[in-house]
Amino acid sequence: MSKVAIIMGSISDMPVMQDAIDILKEFGIATEVDIVSAHRTPEKLFDFSKNAHHRGISVIIAGAGGAAHLPGMVASMSPLPVIGVPVKSSNSIDGWDSILSILQMPGGVPVATVALNGAKNAGILAAQIIGSHNDAILDKIVIYKEGLKDAVNKSSENLTK
């Protein structure tokens, strides 16, 4: 069974990252959640990044605010796909520092980047990556997307009544 690791630089990122946990739970995908600071626990970062694939992790979601080095550092050492979530934190410049730190990666070290505080989309993207080789998860994504369409159509109908 595929598992997604959800890591963050600080416990203060948890309210944002909870959205990824929740949507992955909705899809029935197991998660491993931890705090891994690129700046305060570099040894833990190295160990996590180099060994996540040995523990059954398929995708890594990494959320970070401020300088936001966590997603890129993980991507530099892990063979797994990494999805970065820029977090608007108390020491952030309206989140732009986090967005650009995660988005502007050098060639050879890709990080898929979602919107500021966009952990839900990170979870959905992780599920889609897993769904590309797992039909049961793919079916759940199809149903989820149909639900989005149905909700918009229902809102449209209610608007015209």
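Some observations on this one:
- Once backbone amide H atoms are built at 1.01 Å from N, residue 113 has 84 as its partners under 5 Å, excluding neighbours fewer than 5 places away on the same chain.
- The GNM of the chain, with springs linking C-alpha atoms under 10 angstrom apart, assigns the highest mean-square fluctuation among 74, 82, 114 to 114.
- Vicinal HN-Hα couplings computed from phi for the stretch 46-51 (Karplus, 6.51 cos²θ - 1.76 cosθ + 1.60; Hz; Gly/Pro x): 4, 4, 4, 4, 7, 10
- Whole-percent carbon and sulfur share, accessible surface of the stretch 12-102, 1.4 Å: 56 percent
- Both numbers refer to the Cα atoms of the stretch 12-91; Rg and Dmax are 12.3, 35 Å.
- Between helix 135-159 and the chain: long-axis angle, C-alpha atoms, 0 to 90°, nearest 10: 60 degrees
- Between the stretch 1-51 and the stretch 82-105, the C-alpha centres lie 16 angstrom from each other.
- Equivalent ellipsoid dimensions for the stretch 1-156 as semi-axes, Å, which come from the Cα gyration tensor, largest first: 26, 19, 13
- Acute angle (nearest 10 degrees) that the helix 119-131 long axis makes with the longest principal axis of the chain, alpha-carbon atoms: 80 degrees
- Distance between modelled label sites at residue 154 and residue 109, nm, 7 Å Cα→Cβ extension: 4.5 nm
- When DSSP beta bridges are restricted to pairs lying wholly in the chain, around 0% turn out antiparallel.
- Cβ-derived FRET efficiency at R0 25 Å, residue 47 paired with residue 133, nearest 0.05: 0.40
- Distant-in-sequence amide H partners of residue 61 (H built 1.01 Å from N, under 5 Å): 5, 6, 7, 83
- Values of log10 I(q)/I(0) for the stretch 64-161 across q = 0.11, 0.14 Å⁻¹ run -0.46, -0.66, by the Debye formula with one identical scatterer at each alpha carbon and no solvent.
- Between helix 14-26 and the chain there is an angle of about 50 degrees, using the helix long axis and the longest principal axis of the Cα atoms.
- The average projected area of the stretch 53-113, computed from the convex hull of its Cα atoms over all directions, is 3.9 nm².
- Phi-based couplings in Hz for the stretch 54-64 (Karplus 6.51, -1.76, 1.60; Gly and Pro marked x): 6, 9, x, 6, 9, 9, 10, 10, 10, x, 7
The values are calculated or read from the model by the stated rules, or taken from the named source; none is laboratory data. Values in this document were obtained by computation on a predicted structure and should not be read as measured data. Counting neighbours? That spans all protein chains shown, and the Cβs are built from the backbone with ideal geometry, glycine included. Please note that ligands, DNA and RNA were not included when accessible areas were found on the heavy atoms of the full protein model with its side chains. Shrake-Rupley method; radii C 1.70, N 1.55, O 1.52, S 1.80 Å.
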